1. Would you pick out the residues in the range 152-171 that are of a type outside the set (S, T, N, Q) and surrounded by 22 or more Cβ atoms within 10 Å (Cβ to Cβ)?
2. In the range 367-405, which residues are over 24 Å from TYR350 (Cα atoms), of a type in the set (Ser, Thr, Tyr) and in a helix (DSSP H, G or I)?
3. Residues of the range 342-362 being crowded, with 20+ Cβ neighbours inside 10 Å and within 27 Å of VAL302 (Cα to Cα), which ones?
4. Which is over 29 Å from LEU129 (Cα atoms), in a loop (DSSP other than H, G, I, E, B) and among the polar types (S, T, N, Q), of ASN218, ASN264?
5. Please work out if GLU98 is at pLDDT below 90 and in a helix (DSSP H, G or I).
6. Can you go through PHE116, PHE110 and tell me which one is of a type outside the set (A, V, I, L, M) and out of contact with any helix residue (DSSP H, G or I) (no Cβ under 8 Å at 6 or more places or on another chain)?
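The values are calculated or read from the model by the stated rules, or taken from the named source; none is laboratory data. These numbers were taken from a predicted model, which means no experiment stands behind them. Cβ atoms come from the backbone with ideal geometry, glycine included; neighbour counts cover every protein chain shown. Ligands, DNA and RNA are excluded from the accessible area calculation, which covers all protein heavy atoms including side chains. Shrake-Rupley method; radii C 1.70, N 1.55, O 1.52, S 1.80 Å.
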Amino acid sequence: MVSTPTRTPAKPGAAQSPSGKAPGAPGQAAGPVPAKRLSPLGRARGWSRGFWSALEGTGKSRNGSTYYLILGATLALTAIGILMVLSASSVEAIAAGESPYSAAMKQGMFAAIGLFCMFLLSRVNVVWLKRFAWLAILLALALLVLVLLMGRSALGNKNWIDIGPFTFQPSEAAKLALALWMATVLGAKAKLLSQSKHALIPVGPVAALVIGLILAGNDLGTAMIVMMITAAALFFAGVRLYIFGIGGIVLGAATAVLAITSPNRVCRILSWTGQTCADGSDLNYQSTNGLYGLASGGWFGVGLGQSRQKYSWIPEAHNDFIFAIIGEELGLIGTLVVLVLFGILGTAIYRVVVAQKDMFHRVLAGTIMVWLLGQATVNMAVVTGLAPVVGIPLPFISYGGSALLMSLCAIGVVLSLARAQMAPGMQPKGMFRFGPAGLARSLRKRAAARAARNADTAPSSPAPQHGAPKTAAPSYPAPANPALTNPAPKNPAARNPARNPAPKNPARKRK
């Protein structure tokens, strides 16, 4: 009986040839081991891992790229918005006897205020905002009630409060206030969110109250965005998924009831599907003319300021349908630039969200991301005819001081989180020093500087010991230094250069 030799298992670090024999075995020459070829599935997995690693900023989030991507995309979108508001509103302003620059000047003023608030919030620690969460949500609820009592109606919605020559929309401020409050509450109850009652109370009732007050002003579009913000806060807090299923069914049924009970909304839905309303009106003419504008723009557009649809063909062209004016004047290239900027903004904010370990920070950044990107997606879907007409502005671009101000403040909060992820030596220098921490730091610096000045002015001689007789120290004259009184050069030739001339170069005589 011949026994079969057993093969000893190779060590984990030992390389083997494709035939299974170790290199250097008898009958086989030692050589380099060929690289293992990856299958298409393996390459796809490696590419996806590298993509998500780059998207999440693994190992690279401390170089400041996320901070400057958010800042650059926001500034670019804001600048594009002011320019397009000027172009889209000038014709109607001239027809109304106003200055063609009136809307753009107001938008620029709110942009300046919003940028100041953005940079201010980017230098403040986000943890300090927790102390103002309850005050912010109570103030937002009070303003929403005030709108119903003494607000101004426009285009069927009662959303604005007149403050002198300006108007303010409290529902925009309620978005940021609700996001901050939900992040604070969910962060405090992080260990209890596995229970449904702690996950939904008090977030559910307060969010329902905010949505109800907004719906009382007949603004379904803003109420939908607030629903998205609430769902995003619960999602990033890690609540159970069946809650989203139940909430989706309830909200879907409520939205259907609100749409059916309003003849105007029913007519908009019928017009979107290509049918005719009962009274023969077409409430989808905004979207239709918006598509005409996008189609006539072509690849490069008809030229900045040369839009034809803004001549009263598209109502509120500088507001909800400003994306159609961008497509008409700047063409497909202009719309792609806007899409790329929103994509960069969303990717950078996502990198901030996934890098957060604290519940409060993650929920706050996640809700702001869903708010801005979700609102932009709905607006573009309406303009391109993918959704019924809903009055939702395009963030940073559409005309509206309240929306622009609150959007820039939200970006300031995200910038503060992105700045905290950077290396200390690469963080942007703080332009302002606010808060108790900054005050305490400045006081410590002043005390240290005062102590240093006192130490410089104090006598350097040691104090006499206790009980020692005080005797005057004898003074002796300092010995005279002859080198100082009569300095002389060490080289005697330097005393009189005329007596000792420099030697001549013998090489010159041969010439």
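1. Step one: list which residues in the range 152-171 are of a type outside the set (S, T, N, Q), which gives 152, 154-156, 158, 160-166, 168, 170.
Correct list: PRO170 only.
2. Within the range 367-405, SER402 is the sole residue that qualifies.
3. PHE342
4. Working: ASN264 fails: in a loop (DSSP other than H, G, I, E, B).
Exactly one of ASN218, ASN264 is over 29 Å from LEU129 (Cα atoms), in a loop (DSSP other than H, G, I, E, B) and among the polar types (S, T, N, Q), namely ASN218.
5. Judged against the criteria, GLU98 is not a match.
6. Selected residue: PHE116, the only one of PHE116, PHE110 that is of a type outside the set (A, V, I, L, M) and out of contact with any helix residue (DSSP H, G or I) (no Cβ under 8 Å at 6 or more places or on another chain).
The rows are residues; the columns are (1) touching a residue at least 24 places away in the same chain (Cβ under 8 Å); (2) charged (D, E, K, R); (3) exposed (fewer than 12 other Cβ atoms within 10 Å of the Cβ); (4) part of a helix (DSSP H, G or I).
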{"position": "PHE116", "(1), (2), (3), (4)": "no, no, no, yes"}
{"position": "VAL124", "(1), (2), (3), (4)": "yes, no, no, no"}
{"position": "LYS130", "(1), (2), (3), (4)": "yes, yes, no, yes"}
{"position": "ALA133", "(1), (2), (3), (4)": "yes, no, no, yes"}
{"position": "LEU139", "(1), (2), (3), (4)": "yes, no, no, yes"}
{"position": "LEU149", "(1), (2), (3), (4)": "no, no, yes, yes"}
{"position": "ALA174", "(1), (2), (3), (4)": "yes, no, no, yes"}
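Table: residues versus (1) touching a Pro at 6+ places or on another chain (Cβ under 9 Å); (2) among the basic types (Lys, Arg); (3) open to solvent by 70 Å² or more (accessible area, probe 1.4 Å); (4) at pLDDT 65 or above.
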position: THR384; (1), (2), (3), (4): no, no, no, yes
position: PRO393; (1), (2), (3), (4): no, no, no, yes
position: GLY401; (1), (2), (3), (4): no, no, no, yes
position: LEU404; (1), (2), (3), (4): yes, no, no, yes
position: ALA458; (1), (2), (3), (4): no, no, no, no
